[in-house]
């Protein structure tokens, strides 16, 4: 019937300790909560409490003993006569702890090939739309389709959006579903995340992603990780959206590309579209996704007009890159505003007899490695163009992909064209010098083509 | 003469604020401080508190044996708070969210001790499949939304749950627990502001156990009366003895009636005490052994409930039976947690995302 008292681990890392002092002696009656001994670890002296009731039987390790291994039996307690059988029989003691699983390599399950964009039926009318309108239409269509979808953020309702992306939504959907918040990013990002956990489909607008730094804890710790930590119970279908990257003459605190930050985080979907059709199709997919999505827009692109297919339900696959321009000599990989610059560079290069393929990643996580590698296998040369800092960037990641899985196809080192590695300056000339342009992309392409 | 206008102004301000229920909930609570529980109700509360106590003691023991790793924050001493408050909730529609000291709230909500203990030991049968651990446990079926490891994060998240209750008009109330330490996080006040602004159905519960890790309340807080901290947002406060399960229950009913009537959030401060350290690796040098002993011996919520039951004439045998049953339940949970296998290695890659892309 005796209960064995074992040398306890008093911290996550403790393996052994000193039994400094016994505060009870053999024959003492103890109850739950009584302090039995003082144990010294490398960090502190801790009290060892009884959780059982009974009489101290034998003290097996005398006080003052150093280097007592965790798990050593240090004393016994004779249990109460009426102790329940299970309490008195710690037969299933630590011996039954499972042997650590042999580190058998487990392969990450292969992902199914990504779906391609749905074909646009012949005869579909193409209309001209700005990216701003395309985003608004995507949100409005999803709000009509699903009453759980609502939009929340600073100035999204009565002001019609700081960048007018939510224009007209308040009028159609009312203040219950289009909600102006106070200036309180951490708070409303948390409320949006909690509302998604509670079964709604929030679209949370950040006036710019620079301000989402105040809220990044909820995006990462609360939204991205909870499904995993809950063993798949806690869904968090929230969309965090807003303009990202450099705008124009707003200085360093309002001019950063957070694509690499969010793309680093397992559990998030990160989308950064370029044109209106992709903005609309991917925003609709983002709102429908069961996973948390960071949707990175670009202020300088909001007002640009593109062709947009007039379809009842234009939804694009998340995680699929798009070939924006076919070419055979070299691949330029980009996303967001960089795609426009890459296309411009490709035109310059075409005049010089270099036929560049331009790939728009569209989704930064999960990354369409396949599209990059397929194009590299065709052209054997690759340049990444990214409006953002070079260090630990999406460009770095693409270069790693090429090294890991495309090495045999490379005829030249992969080059990246990124912003200068400095906080973005205000002065017009310095700002211009800090940000990528078509000329720099073309120069890098000439270099990998040895021209 | 000079004083007159200012007095008038003060009077006018008071009239303007007639609708502000700053103190009326506290007054209602003081007028009727203890829940008139039947013997059976009190026995049930006693049983739930003993379950939490014995479960946590067992968890402490398994930690000492190396079967539980990492951080493990025990609820011993605070049992009356979760049991008293949650007994007043409607399990069908109300939601609960808390921080990392979450075992007690789960047990009070009727979640199976076996799957909680198996999560603590990191087994595949754990409530989070062994991927969350002590601080990250959830049960969507029970409307228990965690189990959050970042101090204070559960307050805006809980406000979001309350937002969802209001949006879907399901009649539910969210109860969001946090500690005296979390009360100093800025996001708590961002959430207070929006909860009050939008009249959300939420009860903010500060479990004031006196210490934020090792920092005594008076060393970390300029305003140590946490129930007053909603005043700036027009949130009424309640100051409640968290060591008496019947007082806690009575206060919960006052708060719930206010929130369910559509009058917006309530802030409750529950004065309580944790007997054990902040986490298992806490040497507890910031308070005296005498202070802890004083609380255990004179203010223990379980001893008090037991004494009251005996005084009411409930037989000692009946109480002993409960104690015995709970020991068996906890031992069974520990056996299950020790003997069930670790997660399959393939679990490493599951649940990162819900969908495939």
>> How many angstrom lie between the Cα centre of segment A:224-300 and the Cα centre of segment A:301-379?
In response: 19 Å
> With chain B treated as a Gaussian network of Cα nodes joined by springs under 10 Å, which of B:190, B:347, B:269 yields the largest mean-square fluctuation?
Replying inline: B:347
> Ordered by packing density, taken as the mean number of other Cβ atoms within 10 Å over each peptide's residues, highest first, how do A:206-217, A:236-247, B:275-286 rank?
Replying inline: A:236-247, A:206-217, B:275-286
> How many Å³ per residue does the convex hull of the Cα positions in chain B occupy?
Replying inline: 165 Å³
> What do you get for Rg/Rh of the protein assembly as shown when both radii come from the Cα atoms and Rh is the Kirkwood radius?
Replying inline: 1.04
>> Could you tell me the extents of segment A:2-87's C-alpha atoms along the three principal axes, largest first, rounded to whole Å?
In response: 39, 24, 19
> Extension gain residue B:170-residue B:93, at 0.36 nm per residue separation less the Cα-Cα distance, in nm?
Replying inline: 27.0 nm
>> Averaging over every viewing direction, what projected area does the convex hull of the Cα atoms of segment B:108-231 cover, in nm²?
In response: 8.5 nm²
> Build a GNM of chain B with springs between Cα atoms under 10 Å: which of B:287, B:260, B:53 gets the top mean-square fluctuation?
Replying inline: B:287
>> For a Förster distance of 45 Å, can you work out the FRET efficiency between the beta-carbons of residue B:32 and residue B:289, rounded to the nearest 0.05?
In response: 0.75
>> Using 0.36 nm times the number of residues separating residue B:219 and residue B:199, minus their current alpha carbon distance, what extension gain do you get?
In response: 3.9 nm
> Å³ per residue of the Cα convex hull, for segment A:126-309?
Replying inline: 105 Å³
>> Ignoring everything except DSSP H segments at least 4 long, calculate the 222 nm mean residue ellipticity for the protein assembly as shown; use -39,500 (n - 2.57) per segment, divide by total residues, nearest 500.
In response: -10500 deg cm²/dmol
> Is there a simple number for the mean count of other chain Cβ atoms within 10 Å of the Cβ of residues in A:181-188, and what is it?
Replying inline: 6
>> Tell me the angle of helix B:154-168 to the major Cα principal axis of chain B, expressed in degrees between 0 and 90 and rounded to the nearest ten.
In response: 80 degrees
> residue A:31 versus residue B:40, label points 7 Å from Cα toward the beta carbon: distance in nm?
Replying inline: 3.0 nm
> In whole percent, what relative contact order does segment A:322-448 give with Cα contacts below 8 Å and a gap of six or more residues?
Replying inline: 28 percent
>> If you fit an axis through the alpha-carbon atoms of helix A:394-405 and take the longest principal axis of the Cα set of chain A, what angle between them do you get, 0 to 90°, nearest 10?
In response: 80 degrees
>> Pairs of alpha-carbon atoms within less than 8 angstrom and 6+ residues apart define the contacts here; what relative contact order does segment A:126-309 have, in percent?
In response: 28 percent
>> Against the 2.2 N^0.38 Å scaling, with N counting residues, where does segment A:295-428 land? I'd like the Cα-based Rg ratio to two decimal places.
In response: 1.09
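Taking N as the number of residues in chain A, what is its Cα Rg relative to 2.2 N^0.38 Å?
1.35
Kindly state, to the nearest 0.05, the FRET efficiency for residue A:410 paired with residue B:232, given R0 = 45 Å and r defined as their beta-carbon distance.
Efficiency at R0 = 45 Å is approximately 0.15.
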> Can you pull the mean other chain C-beta count within 10 Å for peptide B:51-64?
Replying inline: 3
> Pairing the Cα long axis of helix A:369-379 with the longest principal axis of chain A, what angle in degrees results, from 0 to 90 and rounded to the nearest 10?
Replying inline: 40 degrees
> How many angstrom lie between the C-alpha centres of segment B:210-237 and segment A:11-25?
Replying inline: 36 Å
>> Just want to confirm a number: the relative contact order over chain A, from Cα pairs under 8 angstrom separated by 6+ residues, in percent.
In response: 11 percent
> Going highest first, how would you order A:288-294, A:57-63 by mean Cβ packing within 10 Å?
Replying inline: A:288-294, A:57-63
> If one computes the Cα centroid of segment B:291-339 and of segment A:139-177, what distance in Å separates the two points?
Replying inline: 54 Å
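Coordinate-derived values only; no laboratory data. Bear in mind the structure is a predicted one, so any value in this text is a computation, not a measurement. Counting neighbours? That spans all protein chains shown, and the Cβs are built from the backbone with ideal geometry, glycine included.
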